[in-house]
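The values are calculated or read from the model by the stated rules, or taken from the named source; none is laboratory data. This structure is a prediction, so every number in the text was calculated from the model and none was measured. A quick note on method: Cβ atoms are made from the backbone with ideal geometry, for glycine too, and the neighbour counts reach across all protein chains shown.
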Amino acid sequence: MSSTSPRLAKTPLDRFASPIQVLMVGPWQANEFGITLSEVAAAKNWQAVDTISSACAALDDSAAPPVLLLLAQPLPGYYQQKEINDLQRRVPLARIVVVAGTWCEGELRTGKPPWGVLRLYWHEFAPWWTAAQLRLAEGQCPSWSLPLDSPGAGRFQPETTRGEAVLHRSIAISAADYSTYSTFAAALRDYGLSAVQVRKDEAMELPQRLCGGIWVGGQLDGQEVRQLKEFCQKIRDHRGQVVALLDFPRAEHVQQARDAGARAVFGKPYVLYEVVEAVHAGGRVLSL
């Protein structure tokens, strides 16, 4: 960094100085995996191998085992349980995370997904990583360290409100139906946040103490892209970030939403804690 570079303001993330050791396995640069990886700045420092056999060889030669093994899974059955077991035997204290691609959406119902791992879909990985890093920065347990004893294993759900840290702040909610808005409004109260309804295609004044927005869409057709872009502009005028929620997002949908101004994109169903953190973390997300 040159001597003329501006000094960046410190955030809570600066307290977490030691990087997490991560080994990536599989086609991480292909298709949707490359998109989600581009949203995680820390990934440029992670070691990557193409196959589990290469991962096993790398682990045998490593003096410092990784904390996380991230397996990109483009198709159902891409990894066999025996391979997963071989990895786990080599690094029994590491957590294996399978990041499933678009073609794996039905595997939990009709296939035989690997067990003994955490499972995320590709569009969930960047927000999940962000939420985990923010917890680490606050001196708390990261989500990957939670027990593998529930369908939501590795997806942190806080038991207490954030309370004082965000009291009296608001999040704008743009959804096609009132029931979606009211559900968010009730859930956000547990985080000390109030909700403000913003109806699509309707002008309205937003409160000054707005910390961000949540836009709820479907398959992101042309009309929705326009509505999302307008909503993002409203929130940017208040210096806030926007999170978009979509039905079964594909790589092109994520790119369209990002181009329209959304900071992060979630598929449905989503983990509320991760959505709130993505909105409320603001610029800190960029440094992860």
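One residue alone among K234, K229 is under 25 Å from the mean Cα position of the chain (by Cα) and at pLDDT below 90, and that residue is K234.
Cβ-Cβ distances below 6 Å connect no pair with a first residue in region 81-99 that is closer than 25 Å to P127 by Cβ and free of Cβ contacts under 8 Å to residues at least 12 places away in the same chain, a second residue that is acidic (D, E) and surrounded by fewer than 19 Cβ atoms within 10 Å (Cβ to Cβ), and a separation of six or more residues or different chains.
Only residues that are of a type in the set (A, V, I, L, M, F, W, C), within 19 Å of Q255 (Cβ to Cβ) and part of a helix (DSSP H, G or I) were counted in region 20-67, giving 5.
With respect to R119, is the statement that it is outside any helix (DSSP H, G or I), free of Cβ contacts under 8 Å to residues at least 60 places away in the same chain and either crowded, with 19+ Cβ neighbours inside 10 Å or among the charged types (D, E, K, R) (or both) true? Spelling it out, R119 is indeed outside any helix (DSSP H, G or I), free of Cβ contacts under 8 Å to residues at least 60 places away in the same chain and either crowded, with 19+ Cβ neighbours inside 10 Å or among the charged types (D, E, K, R) (or both).
Would it be correct to say that A94 is over 17 Å from the mean Cα position of the chain (by Cα), assigned by TED's automatic domain parsing to the domain that holds R119 and surrounded by 18 or more Cβ atoms within 10 Å (Cβ to Cβ)? It is true that A94 is over 17 Å from the mean Cα position of the chain (by Cα), assigned by TED's automatic domain parsing to the domain that holds R119 and surrounded by 18 or more Cβ atoms within 10 Å (Cβ to Cβ). Taking the criterion of being crowded, with 24+ Cβ neighbours inside 10 Å and within 21 Å of A137 (Cα to Cα), the residues of region 256-273 that qualify are R263, A264. Put simply, of G163, G139, G111, G116 the only residue that is modelled with pLDDT under 80 and over 17 Å from V276 (Cα atoms) is G111. Checking region 181-188 against the condition returns no match, with no residue being in the same structural domain as H280 (by TED's automatic domain parsing), modelled with pLDDT of 80 or more and in a strand (DSSP E or B).
Criterion first (surrounded by 14 or more Cβ atoms within 10 Å (Cβ to Cβ) and either without any contact (Cβ under 8 Å) to a residue 60 or more places away in the chain or more than 19 Å from D247 (Cβ to Cβ) (or both)) does L108 satisfy it? Taking the combined requirement at face value, the residue does not satisfy it.
Within region 240-262, restricting attention to residues that are part of a loop (DSSP other than H, G, I, E, B) and touching a residue at least 40 places away in the same chain (Cβ under 8 Å), the residue that is nearest to L210 (Cα to Cα) is G240.
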